[in-house]
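Please treat every number below as a calculation from the coordinates, not as lab data. Keep in mind the model is a prediction, meaning the values are calculated, not measured. We place every Cβ from the backbone using ideal geometry, glycine too, and count neighbours over all the protein chains shown.
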Amino acid sequence: MARSTARAAVMQMIFENLAGGEGGEETLQMVYEALREEGVPGVAEIGQKEPGKSDRAYITRVLEGVLNNLDDLDAEIQAASPRWQVSRMAKVDLTILRLATWEILHEADVPGSVAVSEAVRLANRYSEPTSGRFVNGVLGAIVRKKQTAQQPVQQEQN
């Protein structure tokens with residue numbers, strides 16, 4: 001299964017959990033069924049025992065990471081979007097921003113550009129027409145901040 005499918009699933013699970021739901025196994029199965037109905041690429045082939053081990057590990061790691069680090073993620077998002085208060089952001093956009101910010105900062109195997117691209121794709125699919133641009137701008141600032149912070153370390157190593 002494509003990581004983008006697992007990403008869409010975990011985004012919806014984070015959203016449900018923050019809205020007061022459990023976001024557990026039953027939710028995961030419902031999300032995958034909804035993704036099948038939507039015709040999301042890569043979901044039609046998923047059998048009853050899917051998602052696979054690596055996708056489940058990713059989903060669990062990201063879900064727990066986001067939920068356990070909301071304050072830190074929100075602080076990063078707020079710093080990258082000074083004109084918008086996190087508390088006033090659309091909940092779907094905020095969920096996508098939290099997911100992608102987690103990936104940018106904590107998922108070493110996900111390049112920042114991929115996290116941003118996938119987040120924009122999720123925003124265009126699940127949110128308002130202008131959300132993709134907003135998400136792109138906020139996450140672009142977070143990626144640039146991370147790259148700037150890493151530059152002195154990289155220069156010292158050379």
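Please say if the range 69-150 is rounded, prolate or oblate, where rounded means a/c under 1.5 for a ≥ b ≥ c the square roots of the C-alpha gyration tensor eigenvalues, and otherwise the choice is prolate for a/b larger than b/c and oblate otherwise? Cα axes put the range 69-150 in the oblate bin.
Give me SER87, SER4, SER131 ranked fewest to most by other Cβ atoms within 10 Å of their Cβ, as a rough exposure proxy. Don't jump to the answer; show the numbers that get you there.
Working: SER87 8, SER4 16, SER131 22.
Starting with the residue having the fewest Cβ neighbours, the order is SER87, SER4, SER131.
Modelled spin-label separation between SER54 and ALA141, with each label point placed 7 Å from Cα along the Cα-to-Cβ direction: 3.5 nm. Taking 0.36 nm per residue of sequence separation and removing the Cα-Cα distance, the ALA108/GLU25 pair yields an extension gain of 27.3 nm.
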